[in-house]
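The values are calculated or read from the model by the stated rules, or taken from the named source; none is laboratory data. These numbers come from a predicted model, not from an experiment. Note that each Cβ is placed from the backbone with ideal geometry, even for glycine, and that neighbours are counted across all protein chains shown.
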Amino acid sequence: MSKIHVTTTVNGDAVDFLADPRETLLDCLRDHLGLTGSKEGCGTGDCGACSVRLDGVLVSSCLVLGVEAEGRSIETIEGMASPDGTLHPLQRKFIEHAALQCGFCTPGILVAAKALLEENPDPSESEIRYWLAGNLCRCTGYDKIIRAVQDAAAELRGAA
Amino acid sequence: MRYHSPLTFEAASRVAAGASGVTRFLAGGTDVLVQLRAGSVTPDDLIDLKRIPGVGSITREGDGGWTIGAAVSGAALGATPGLVSDWPGVVEGMGLVGSTQVQGRATLAGNLCNGSPAADGVPGLVAAGATATVVGPEGRRRMAIADIPAGPGRTALQPGEVIAAIHLPARGAQGGDAYERFIPRTEMDIAVVGCAVNLRLDGDTIVEARVALGAVAPTVLLVEACAQAIVGTRLDEAALDALAGAARAAAKPISDKRGTAEFRTHVAGVLARRVAVTAYTRAKGSRAQGHRAKGAAQ
Amino acid sequence: MPKDEIRSTFKYIGTRPNRPDGLDKVTGRARYGADYAASNMLHAAVVRSPHAHARIVKIDASKALALKGVKAVVTRADFPEGLTGETWNLQENTIAGERALYDGHAVAAVAATSALLAQDAAKLVEVTYEVLPHVTDVDAAMAEGRR
């Protein structure tokens with residue numbers, strides 16, 4: 001099976017890799033680039049653990065082929081904190097509100113929540129719940145996740 | 001699997017027409033990649049349409065109609081205020097497909113070609129009288145969306161044919177459309193029944209109507225008897241009763257884990273009433289309220 | 001102990017300590033089993049029964065083993081014999097023996113140098129089945145003559 005050379009941008013860095021056309025973007029991030037923060041929960045677009053931004057759009061990276069990333073720009077959980085290590089307010093609030101337990105769904109939820117707050121800085125609880133409906137968590141029961149997103153949104157609005 | 005990323009639909013069609021094995025066109029990929037992953041469909045040739053210029057564009061035509069490229073995502077539809085204002089039912093139908101993440105990729109053309117009888121994106125298109133530009137080995141042709149579904153997982157497209165764009169007619173004055181589905185939860189589910197209504201008024205009286213039902217037959221149904229039940233009325237209670245009766249009579253559902261045939265038949269009538277009222281209200285001039293928030297239908 | 005001597009402040013109880021693993025988990029640095037990779041690591045793929053109930057007549061892995069990079073194919077023949085009780089039950093659920101007992105029952109497993117190669121090889125493992133009748137509820141399973 002011949003591989004395809006893919007040149008793309010991940011968290012602002014130019015990267016390239018060789019992808020079998022059957023490999024998903026998630027496979028490529030994890031196996032070729034060592035970015036294992038994006039998780040494979042289901043592989044079928046149901047759980048949201050692999051959420052990334054593709055040219056700014058929230059997508060499930062298990063439903064994108066690696067070869068489709070050619071020339072695009074990808075943001076993953078690894079790019080969420082500042083380069084100096086300062087956490088994004090969402091990350092900080094998830095820790096403060098204990099909005100995680102096993103943590104497997106957390107990277108995907110953080111990436112999805114960041115996309116929400118950029119589009120809608122003041123979402124209602126309903127809007128948060130619908131936006132995150134494609135992010136499944138089997139530990140925390142969602143309530144703390146919603147509170148953490150609301151709290152982070154309030155802080156971000158205050159800072160703006 | 002060979003991956004192709006042609007730059008024209010004609011080239012895409014040639015690859016498909018010349019292939020001997022299994023081929024799939026790739027737009028949003030939210031069905032194709034799931035099949036690939038499950039091993040249920042492993043294409044020998046996968047033809048990515050997204051490098052074709054214009055495939056991701058939404059264009060308002062000179063006559064007021066809309067052209068939606070084959071790779072336009074559900075999220076992009078919802079982010080186009082003019083389209084939401086003209087065809088809220090089409091947009092809200094597609095908006096019910098999958099999660100936010102799926103919305104970032106899933107397309108109307110893909111929802112149509114996947115061939116699910118329960119596709120939420122399709123009844124709205126059928127009710128709107130939408131058409132598709134189909135490119136194939138014999139050239140380009142226009143097909144009515146209503147003529148494309150041929151059964152579960154099947155379409156009337158010929159080998160090598162690919163949908164290049166979907167066209168919505170000009171909205172015109174005093175028109176409104178709406179779509180709702182029934183699901184047993186509030187989000188992330190597949191329609192038990194779906195219904196789209198598109199109508200036009202003269203004053204308070206309905207002068208044109210198209211009613212489409214999803215998930216109650218092997219393909220989406222355009223129900224002429226439903227239209228007849230409300231055309232010439234002001235959507236009074238008698239008209240709504242006649243509409244519900246016509247919807248129930250047209251429904252030919254199966255029983256499966258999502259619902260029994262009896263339940264689906266009943267819900268077809270309930271939804272037809274409800275959706276018609278929304279479409280009527282929009283046609284009366286409340287179109288500015290736009291499409292409802294995701295899930296508000298429940 | 002008199003009530004006024006009950007302590008009302010504690011080092012941790014009643015406070016909101018940050019979880020020690022929180023930082024790693026919100027940054028994507030936390031490592032789970034599937035996140036580890038080692039040099040020369042092999043990847044597995046499982047061949048599963050497409051039948052709800054079938055006798056396994058023959059498993060031919062020669063085409064799979066002929067692929068460069070395929071290191072092993074295991075079947076029930078590679079497992080111990082003569083187990084009883086819970087260990088037998090566990091083994092029976094891990095990999096099918098004489099019969100596949102449900103759609104999806106593992107029949108063979110392939111180890112190869114990449115996940116895709118293992119999946120390709122798994123498709124080349126040829127299993128000959130003799131399809132047997134199956135049941136879909138408890139009453140039928142308990143009916144006379146079933147085992």
Those helices (runs of 4 or more DSSP H) lying entirely in the stretch B:31-145 with at least 2 residues more than 14 Å from chain A (Cβ to nearest Cβ) and surrounded by fewer than 18 Cβ atoms within 10 Å (Cβ to Cβ): B:81-86
Residue among A:Thr36, A:Thr24 that is within 13 Å of C:Asp35 (Cα to Cα) and without any contact (Cβ under 8 Å) to a residue 60 or more places away in the chain: A:Thr36
Strands (runs of 3 or more DSSP E) enclosed by the stretch C:69-146 - at least 1 residues per element that are within 14 Å of chain A (Cβ to nearest Cβ) and of a type outside the set (Val, Ile, Thr): C:106-112
Of all residues in the stretch A:124-160 being under 24 Å from A:Gly37 (Cβ atoms) and not in a helix (DSSP H, G or I), the one that is nearest to the chain's Cα centre (by Cα): A:Asn135
Within the stretch A:18-35, tally of residues that are within 14 Å of chain C (Cβ to nearest Cβ) and not in a loop (DSSP other than H, G, I, E, B): 10
Candidates A:Ala49, A:Ala98, A:Ala69, filtered to the one that is in contact (Cβ under 8 Å) with a residue 40 or more places away in the chain, facing chain C (nearest Cβ under 10 Å) and of a type in the set (A, V, I, L, M, F, W, C): A:Ala98
Every residue from the stretch B:149-193 that is part of a strand (DSSP E or B), β-branched (Val, Ile, Thr) and in contact with a Gly (Cβ under 6 Å, 6 or more places away or on another chain): B:Thr155
Verdict on A:Ser38 being more than 14 Å from chain C (Cβ to nearest Cβ) and either at pLDDT 95 or above or under 19 Å from B:Asp45 (Cα atoms) (or both): no
Criterion violated by A:Thr106 - all others in (1) free of Cβ contacts under 8 Å to residues at least 40 places away in the same chain; (2) buried (at least 24 other Cβ atoms within 10 Å of the Cβ); (3) among the polar types (S, T, N, Q); (4) within 14 Å of chain B (Cβ to nearest Cβ) satisfied: (4)
Residue selected from the stretch C:7-55 under the condition touching a helix residue (DSSP H, G or I) at 6+ places or on another chain (Cβ under 8 Å) and among the β-branched types (Val, Ile, Thr), by the criterion nearest to the other protein chains (Cβ to nearest Cβ): C:Val26
Filtered residues of the stretch B:1-31 (kept if free of Cβ contacts under 8 Å to residues at least 24 places away in the same chain and of a type in the set (Val, Ile, Thr)): B:Val22
